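Asker: Take this structure first; my questions come after.
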Amino acid sequence: MSLTTTPTLPAEALAELAAAARVLEHSSFAVRLAGMVGQSVEALKRALPQTFQRGLDSAVRRALAAAMRTALKLDPGHNPTPLPSRWLHRGLMAASGMAGGALGLPGTLVELPVSTTLLLRQIAAIAAEQGEELADPAAQAECLKVFALGGDNPADDEAEAGYFAVRLALAETLKGAVGKNLLGLLPGFLGAVAARFGAPVAVKLSAQAMPVLGAAAGAAVNLAFLEHFRGIAQAHFTVRRLERLHGAELVRAHWPRGMVA
């Protein structure tokens, strides 16, 4: 009589998967930022005027579209300066945030496409490090997905907000788009990403709108934004690398208990 063994992941892969799950299922930019500026999440949300809230969705869509047109056309690892890429992007994000914060909400809205482009370049660099082929539109779409994975949609209930549930929902918007360039993925996919990215953007705008904080807050908020989405990107593309190595079904079967939607 032969014994069958249940397939499992190597110990190293299990450790990577657990670390990714902690980030992807429990990372909250809103809570992190609220603690940083000493305000509750609700207070931050109230700080954003209704006029800006109404136009936020279109502003986020424009920022994502602008980032998509520029950030993924260039080698994300290209760095014309002697500075390490990580610190170069930190400096650029801080400078962008300072400029936007100094001019209040109008300046922050102008700055949003710039910071989103810088974020997308860093996300793409992480994707390349994890073995993604950035010339492939599907890989480019995965880079954009990071903005959705890193944000909460107020319309979600708890059962619909898990990492794999969000990935599945976003995949639905891409059906029939295989082989298209990234611009061909619009508008449904971009709208789905924008719906979730809008939540952390609203918190970012609210924090930068606080009059006692100004330019310094703009720099700090942008750096927090950068570190948050770097973490989300690292975790997401780690999961995808493990799926390529071991199979998507096996990876999902070993997702930490209680975290699979």
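Asker: Mind checking which pairs have a first residue in region 104-124 that is under 16 Å from ALA202 (Cβ atoms) and in contact (Cβ under 8 Å) with a residue 40 or more places away in the chain and a second that is polar (S, T, N, Q) and assigned to a helix (DSSP H, G or I), Cβ under 8 Å, 6 or more apart or different chains?
Answerer: As it stands, the answer is GLY104/GLN208; LEU105/GLN208; THR108/GLN208; GLU111/SER96; SER115/SER96; SER115/ASN222, since those pairs meet every condition given.
Asker: Now a separate question. Only one of LEU48, LEU64, LEU9 is part of a loop (DSSP other than H, G, I, E, B), closer than 27 Å to PHE189 by Cα and either charged (D, E, K, R) or at pLDDT 70 or above (or both). Can you tell me which?
Answerer: Numbers: LEU64 fails: part of a loop (DSSP other than H, G, I, E, B); LEU9 fails: closer than 27 Å to PHE189 by Cα.
One residue alone meets the criteria, LEU48.
Asker: Would you check which residues across region 203-250 are more than 19 Å from the chain's Cα centre (by Cα), at pLDDT 80 or above and surrounded by fewer than 21 Cβ atoms within 10 Å (Cβ to Cβ) and list them?
Answerer: Once the filter is applied, which keeps residues that are more than 19 Å from the chain's Cα centre (by Cα), at pLDDT 80 or above and surrounded by fewer than 21 Cβ atoms within 10 Å (Cβ to Cβ), region 203-250 yields GLU243, ARG244, LEU245, HIS246, GLY247, ALA248, GLU249, LEU250.
The values are calculated or read from the model by the stated rules, or taken from the named source; none is laboratory data. Here the structure is a predicted model, which means the values were calculated and not measured. Quick reminder, even Gly has a Cβ in these numbers, built from the backbone with ideal geometry, and neighbours come from all protein chains shown.
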